[in-house]
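Following: one structure in structure tokens, then a few remarks.
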Amino acid sequence: MSDPAKTTVTGGEALVAALAAHGVDVVFGIPGTHNLPIYAHLRGHGIRHFSPRHEQGAGYAADGYARVSGRPGVCLTTTGPGALNAITAAAQAYSDSVPVLFIAPGMPLAHPGHGNGFLHEVKDQTAAMAAVVAHAHRVTGVPEIPAAVAQAFAAMRSGRPRPAYLEIPLDLLDQRAEVTPVAPLPVPAAPPGPERLDRAARVLAGAARPGVIAGGGCRGAAGELRRLAEALGAPVITTANGKGTLPEDHPLSLGAGIHHPSVRDFIAECDAVVAVGTELAPSDLWNGPLRFTGPLVRIDIDPHQAVVNALPDVSVIGDAAAALAGLLDRHGGSPAPDAAARAARWRARIREDARREGGPWLPILEAMAAALGRDGVVAGDSTMAAYYGALSNLPAYGPAAFLYPTGLGTLGYGLPAAIGAKLARPGVRVVALHGDGGVMFTVAELAAAAQAGLALPVVVVDNGGYGEIRREMLERGDTPLAVDLGHPDFPGLARSLGCHGVTIEDPERLTAELEEAFRADRPTLLHVREPEGGAG
């Protein structure tokens, strides 16, 4: 007797149906010879397709979508060069713990092990992708596809969220077979151990000067973070990926950026520190590890991470929201009477560091802040205007309000990530912030955003090249080489790609131009030249 749940479909339709069953509503990708049997079924299953101009842009857009929506993004490529073009985006998603599912066809099942010159042939495509994602799987039959999709989504939702890769041999995509749908797999929560919570609560009960470091792993625990900070009277400093988890106008917020000298002093002054959802990574700290003079409590869903970069006195392994709520339940004390004054004192010192570091970009950032309001999202590239400027000087009021490629530090992230964010939350104001060097990595995505009619401002801060690398060469005593790129006509380039293009002569005009860009029928590139003698 046949199973009524089974249907006879092609491998391509089995894949698309499984994606739809897991709530996928948009896929970022480029069609190619070998993935057409997948594309044939996207419309039929109600999945929107966004067409970037390069697979790396597809991966970054899926990353931005995932960060803002809280759901996995999906990047679909073809074999060989398509998959490999997306590999940097996969590595970026891995380093910043972002759930993105990368999907590509692979060589046929019976393909010779040493190759035969097949179109788009790669020596070992699965191994190449497996090297940079957390979960990689190549299916071997059409009936396996629904389970493989369910397993990939379960992997991305279990423990630390990281990207996954699914490869389907291209000869399976048009092959028909009986398939049984597989519903999304239940993923058990990771409750923290009560004994560890008890120990952590005892540490915090004895603290007169507590502090909190919140990372990207705390983005889903914004309410719990705020309530615990208020109960402890603990000032909160965030990493780049944690920026906005505690609104930056909250009395206990010290803002973002744990690399500042005053943050080091603040942490050394604390007699207990809670670090939640953060690697305490060199890519956030820049100037070496922090010095903890009191007990360190680390909360992390990843047990391996809990002992990397700083050994805790108490490690609490589990979901950040559950762990923070558990600590709050166990806290019976009152915040120190000088908590607000203490936070204000440290906030002023850290703000001074931030404004000194971000000085050349402050007029631009103040203009952006005025236009973004409280709900806006900034997708920053790995550019001086972002890591020296926006990270600590552009206020954020909610989780995932600042998208930034922290760990891998890739160039070209901002524009496509902003596209993904805008598709995830179309009613929110989204801005891409780029330097003139990095924007050229993915500038073709302006054409993709124009075709989609996205009202997306793209601010390009132009210092004539790779300013940070120029600075580092000069610090070494080297004569700068290969870092001066001239000043292309960025507004003209934007117009040639179907966008509006505007030159901003005075940063004070930027707010008004951003307001107009948010009302536009397509993206607007806003070109801002740094003053001579600025950041370089």
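Odds and ends about this structure:
- Any hit, region 263-271, residues being closer than 17 Å to LEU391 by Cα and part of a loop (DSSP other than H, G, I, E, B): no
- Verdict on VAL142 being surrounded by 23 or more Cβ atoms within 10 Å (Cβ to Cβ), hydrophobic (A, V, I, L, M, F, W, C) and touching a Cys at 6+ places or on another chain (Cβ under 7 Å): no
- In region 119-133, of all residues being surrounded by fewer than 20 Cβ atoms within 10 Å (Cβ to Cβ) and not acidic (Asp, Glu), the one that is farthest from the chain's Cα centre (by Cα) corresponds to LEU119.
- Members of region 404-442 that are under 14 Å from GLY380 (Cα atoms) and among the β-branched types (Val, Ile, Thr): THR406, THR410, ILE419, VAL430, VAL431, VAL439, THR442
- THR410 fulfils the conditions (1) among the β-branched types (Val, Ile, Thr); (2) closer than 18 Å to ALA494 by Cα; (3) within 13 Å of the chain's Cα centre (by Cα) except for a single criterion, (2).
- Residues in region 71-125 that are farther than 25 Å from GLY242 by Cα, aliphatic (A, V, I, L, M), out of contact with any strand residue (DSSP E or B) (no Cβ under 7 Å at 6 or more places or on another chain) and part of a helix (DSSP H, G or I): LEU84 only.
- Annotation note: of ALA379, ALA370, ALA344, ALA348, the sole residue that is under 23 Å from the mean Cα position of the chain (by Cα), at pLDDT 95 or above and among the aliphatic types (A, V, I, L, M) is ALA379.
- Within region 180-203, residues that are of a type in the set (Lys, Arg) sit with their Cβ atoms under 6 Å from residues that are surrounded by 14 or more Cβ atoms within 10 Å (Cβ to Cβ), at 6+ positions apart or across chains, in these pairs: ARG196/VAL316; ARG199/VAL314.
- Boolean, HIS34 is touching a residue at least 60 places away in the same chain (Cβ under 8 Å) and not assigned by TED's automatic domain parsing to the domain that holds GLY242: yes
- Residue list for region 262-281, filter: farther than 18 Å from ALA207 by Cα, over 23 Å from the mean Cα position of the chain (by Cα) and charged (D, E, K, R): ARG264
- Those residues of region 299-324 which are of a type in the set (D, E, K, R) and touching a Leu at 6+ places or on another chain (Cβ under 7 Å), in sequence order: ASP313
- Residue match in region 278-293 (condition: over 16 Å from GLY211 (Cα atoms), among the small types (Gly, Ala, Ser) and assigned to a loop (DSSP other than H, G, I, E, B)): yes
- Matching residues, region 258-302, being acidic (Asp, Glu) and more than 30 Å from ALA189 (Cα to Cα): ASP265, GLU269, ASP271
For (1) free of Cβ contacts under 8 Å to residues at least 12 places away in the same chain; (2) among the hydroxyl-bearing types (Ser, Thr, Tyr); (3) closer than 30 Å to ALA190 by Cβ; (4) out of contact with any helix residue (DSSP H, G or I) (no Cβ under 9 Å at 6 or more places or on another chain), each residue gets a yes or a no:
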residue	(1), (2), (3), (4)
ALA131	yes, no, yes, no
VAL142	no, no, no, no
ALA152	no, no, yes, yes
LEU172	no, no, no, no
GLU178	no, no, no, no
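- Residues of region 36-61 satisfying the condition of being farther than 16 Å from VAL9 by Cα and in a loop (DSSP other than H, G, I, E, B): GLY46, ILE47, SER51, PRO52, ARG53, HIS54
The values are calculated or read from the model by the stated rules, or taken from the named source; none is laboratory data. All values reported here derive from a predicted model rather than from experimental measurement. Heads up, the Cβs are rebuilt from the backbone with ideal geometry, glycines too, and the neighbour counts pull from every protein chain shown.
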